[in-house]
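*Asks:* This is the structure I want to talk about, given as structure tokens.
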Amino acid sequence: MPSRPASPSRVYVHTLGCPKNEADSRSLSRSLAASGAVLVPTPEQATHILLNTCGFIKEAKEESIGAILDACASYADKRVLVMGCLVERYRDELRGGIPEVSAWFGLAGGDDERALLRELGTEASHVGSLAREEAAETLDRSRAGYAYLKISDGCDEPCTFCAIPGIKGPYHSVDAAGIVEEARACLADGARELVLVGQDTTLWRDHDLDLFGLIDLLAQDERVRRLRVMYLQPERVTDAFLRHMARQPKLCRYLDVPFQHSHPDILRRMGRWGDGDAYLGLVERARRLMPEVAIRSSFIVGFPGETEEHFEHLLSFVRDVGFDYAGGFVYSPEEETAAAKLKPRVRQSIAQERLNRLNELLELSAESRHHALVGAHMEVMIDSLDAEEAGEGISAVGRTAGQAPDVDGVTYVEGGLPEGTMPGDVLTVTVDAVVGYDLMGTVNAP
């Protein structure tokens, strides 16, 4: 067992990958602070650099490995520690290939996290108190206004392209008490929007409490201004869920549904439910009930067996839906997944050309929908008041209820703000212009 350091470790945490990793890093940072480590906002101030990695697809793995190598080269005088999905998947290969890393840890939670806390913690209680204060300041600066709240992990779905079940194991819900405790900590740090994340959030349940009950439970805290639910599998977005979204005032009218494709042949090869007609019906029901609802999705192109006819079917589906936000990805064959053995493979050049066409259409669709908002009065939650970061003439950066953190566009607020405005505050803004995926507007006079 590693001995506890005589003086407090100063830890810089760098997170790669999805919002679920962001949630893990935030929770882990609190545990580190409670164990006596001091969280610092820059790697230059650190004695230890901790990277929380992603190992989902090729691009994510390459980004994580690049970050590890860069940290080792740029901060050779510091201890570099690496954790997360990449380590869970490739620990032995990484340990042999990058000996500069001081220690490797797998997923947050369990034995690896306890070992990490033992390595970085200290028994000095007064140091722990100082660490908690500094951690709160660091967390506030890094995620002002909102926080990711992980409510489940693992997956039981039969998607043939996905490595998540092999990395994270079977689906399991986080217990309600743990979620509420984490939510309170996030709110104490200054978050006012809680973003619920998991491999499939619609499945969440703790005994008799389902997702609807959890949403209402979290909404009872007066500090919560918004709740947002991400990662909704289409077959489980029921009419009951849509009705609950329509009547719960703190729940954003926002559907993040990864359709992945529209042609039934490709969806069956992917191990997915539904088809373009079923998905279009879901979108239409949501918009009838909530005309202001924002629809976000993701799509895979170049999946084994995808023909030009299949791809044209997807383009037609995208035109019919008119997504507010969406992203496309080239299929990445992952070892130990069923799809890695499927043939015929689509040439990389063809897949990339299809991705370019898809992304162009998605951008046009989003811009068209956003132009309809010009002149509208929108409630915008402020994320940043950093004028230098925002740009000349911009007084704040925020998001409407239809803009999720990190993955969608933002709203740039020009002109004066009410005195005392802070991150997490919600202002009514008139939309003046659209710039790509972003909106620009001015605060309404009181």
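*Asks:* Considering Ser365, Ser349, which residue is farther than 22 Å from Arg192 by Cα, among the small types (Gly, Ala, Ser) and loosely packed, with under 14 Cβ neighbours inside 10 Å?
*Replies:* Only one candidate passes the filter, namely Ser349.
*Asks:* So Ser64 passes all but one of these: (1) assigned to a loop (DSSP other than H, G, I, E, B); (2) without any contact (Cβ under 8 Å) to a residue 60 or more places away in the chain. Which condition number does it fail?
*Replies:* So Ser64 meets the others, but not (1).
Residue-wise test of (1) modelled with pLDDT of 95 or more; (2) among the acidic types (Asp, Glu); (3) buried (at least 20 other Cβ atoms within 10 Å of the Cβ); (4) in a strand (DSSP E or B).
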position: Leu32; (1), (2), (3), (4): no, no, yes, no
position: Pro41; (1), (2), (3), (4): no, no, no, no
position: Gly55; (1), (2), (3), (4): no, no, yes, no
position: Ile68; (1), (2), (3), (4): yes, no, yes, no
position: Leu81; (1), (2), (3), (4): yes, no, yes, yes
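*Asks:* Consider only pairs whose beta carbons are under 8 Å apart and that are at least six residues apart or on different chains; among these, list those whose first residue lies in region 218-247 and is farther than 12 Å from Thr201 by Cβ and whose second residue is of a type in the set (S, T, N, Q) and at pLDDT 95 or above.
*Replies:* Close Cβ pairs (under 8 Å, with a partner that is of a type in the set (S, T, N, Q) and at pLDDT 95 or above) amount to Ala219/Gln248.
*Asks:* If Leu251 passes every condition in (1) over 26 Å from Leu28 (Cα atoms); (2) surrounded by fewer than 19 Cβ atoms within 10 Å (Cβ to Cβ) but one, which one does it miss?
*Replies:* The one condition Leu251 does not meet is (2).
*Asks:* Considering region 428-446 alone, what residues qualify as being in contact (Cβ under 8 Å) with a residue 40 or more places away in the chain, surrounded by 15 or more Cβ atoms within 10 Å (Cβ to Cβ) and either among the aliphatic types (A, V, I, L, M) or not in a strand (DSSP E or B) (or both)?
*Replies:* Val429, Val431, Val434, Tyr437, Leu439
*Asks:* Taking Arg287 and the conditions (1) part of a helix (DSSP H, G or I); (2) closer than 30 Å to Leu218 by Cα; (3) touching a Lys or Arg at 6+ places or on another chain (Cβ under 7 Å), which numbered condition does it fall short on, given that it satisfies the others?
*Replies:* Arg287 satisfies every listed condition except (3).
The values are calculated or read from the model by the stated rules, or taken from the named source; none is laboratory data. Quantities reported herein were computed from a predicted structural model and do not represent experimental measurements. Backbone-built Cβ (ideal geometry, glycine too); neighbour counts: all protein chains shown.
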